[in-house]
1. Return the residues of segment 51-79 that are more than 21 Å from Tyr144 (Cα to Cα) and either at pLDDT below 95 or outside any strand (DSSP E or B) (or both); say none if nothing qualifies.
2. Given Arg184, Arg204, which one is open to solvent by 50 Å² or more (accessible area, probe 1.4 Å) and touching a residue at least 24 places away in the same chain (Cβ under 8 Å)?
3. Can you work out which of the residues in segment 193-213 that are basic (Lys, Arg) and over 17 Å from the mean Cα position of the chain (by Cα) is farthest from the ligand (Cβ to nearest atom)?
4. Report, by residue number, each residue of segment 127-138 that is touching a Leu at 6+ places or on another chain (Cβ under 9 Å) and either under 19 Å from Glu33 (Cβ atoms) or surrounded by fewer than 24 Cβ atoms within 10 Å (Cβ to Cβ) (or both).
5. Check segment 109-118 and report whether any residue there is at pLDDT 95 or above and either part of a helix (DSSP H, G or I) or surrounded by fewer than 24 Cβ atoms within 10 Å (Cβ to Cβ) (or both).
6. For segment 154-181, which positions are in a helix (DSSP H, G or I), open to solvent by 30 Å² or more (accessible area, probe 1.4 Å) and hydrophobic (A, V, I, L, M, F, W, C)?
7. Got a sec? Which of Asp216, Asp242 is out of contact with any His (no Cβ under 9 Å at 6 or more places or on another chain), within 16 Å of the ligand (Cβ to nearest atom), in a loop (DSSP other than H, G, I, E, B) and charged (D, E, K, R)?
Amino acid sequence: MNAKCFVRLIGHGVGLAVCLTVVSMAQASPWTEVDTATPGPAVAIGGPANGCIAGARALPATGTGFVSIRRHRKRYYGHPDTVRLVQYLGRALSKRTRELMMVGDLSQPRGGLMPSMHRSHQNGMDVDIWFRLAGSARSANSRYPEGRNPDGMVAPGGLALSRDWGRHQRFLLKTTADYPRVDRILVNPVIKRALCRSEKGNRRWLRKLRPWWGHDAHFHVRLKCPKGSPRCRQQSPLPTGDGCNRSLAWWFSKEARTPSKKPKKKTGSRMSTACKALLFKP
Ligand SMILES: [Zn+2]
């Protein structure tokens, strides 16, 4: 277990035991060593970047219209709301094409920190979905082993959509955004800008699309805190409007495109008592 525990003295000599998990890409997280979800009702605890989940459900390896890839990572667990969303999207897509939606990471069996660049996906309410579709479950798993990602949807130069972008990708984003339990969707700024320019009529769904670095090959869906999870921490509400404004233009400014301007990843966070108890539960 790669957690450093130490005692910090606070106030008038009151000892507080704090387990600080020091994170780096090379280091494992204690959550990775857990193979099973806890039984009982599903409860999301904490926020997406510092949380955990009790009673997580496993997303099946395949279902109507979808395939879950890279199962060896054990990141196919989530709150039932998240699993239901994936199944709903798969069914919706299957009415339009025989191709399959490829589902990436949800959360680990009890959530918690992942030993990678991922900071979120911790409380069972996040899921990554690849934009590219697969011909079959078998081809999805053989074509995209660990370390070989599906191609992105942004053309070289980073300013326009690639030729691979099409109606199925738009359909998946819109159907996800229209799903009431979805809080927000992270996409590359180029994708957001293209939709801001092309969408006519009701553009309200664009509000849930939030521009972020990367996310040109997959989109990241975050669901709202579920019912029955009083300790789930909801991210601050989205600004009003469709987001096709100056805040989007910033992503194409010199400032945003300078690598040093990217926010630095935090290198540690305090685990809540509830999550600590969940981690060590037999
Ligand atoms: Zn993600």
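1. Gly55, Ala56, His79
2. Checking each option against the conditions leaves just Arg204.
3. Ranking the qualifying residues of segment 193-213, first place goes to Lys200.
4. The first filter runs over segment 127-138 and keeps only residues touching a Leu at 6+ places or on another chain (Cβ under 9 Å), leaving 127-129, 131, 133-137.
Asp128, Ile129, Leu133, Ala134, Gly135, Ser136, Ala137 - these are the residues of segment 127-138 that are touching a Leu at 6+ places or on another chain (Cβ under 9 Å) and either under 19 Å from Glu33 (Cβ atoms) or surrounded by fewer than 24 Cβ atoms within 10 Å (Cβ to Cβ) (or both).
5. yes
6. Of all residues in segment 154-181, those in a helix (DSSP H, G or I) come to 167-178.
Then drop every residue that is not open to solvent by 30 Å² or more (accessible area, probe 1.4 Å), which leaves 167, 170-171, 174, 178.
Within segment 154-181, Phe171 is the sole residue that qualifies.
7. Asp216
The values are calculated or read from the model by the stated rules, or taken from the named source; none is laboratory data. Because the structure is predicted, anything quoted here is derived from the model rather than measured. Heads up, the Cβs are rebuilt from the backbone with ideal geometry, glycines too, and the neighbour counts pull from every protein chain shown. Heavy atoms of the whole protein, side chains included, go into the accessibility calculation; ligands, DNA and RNA do not. Shrake-Rupley method; radii C 1.70, N 1.55, O 1.52, S 1.80 Å.
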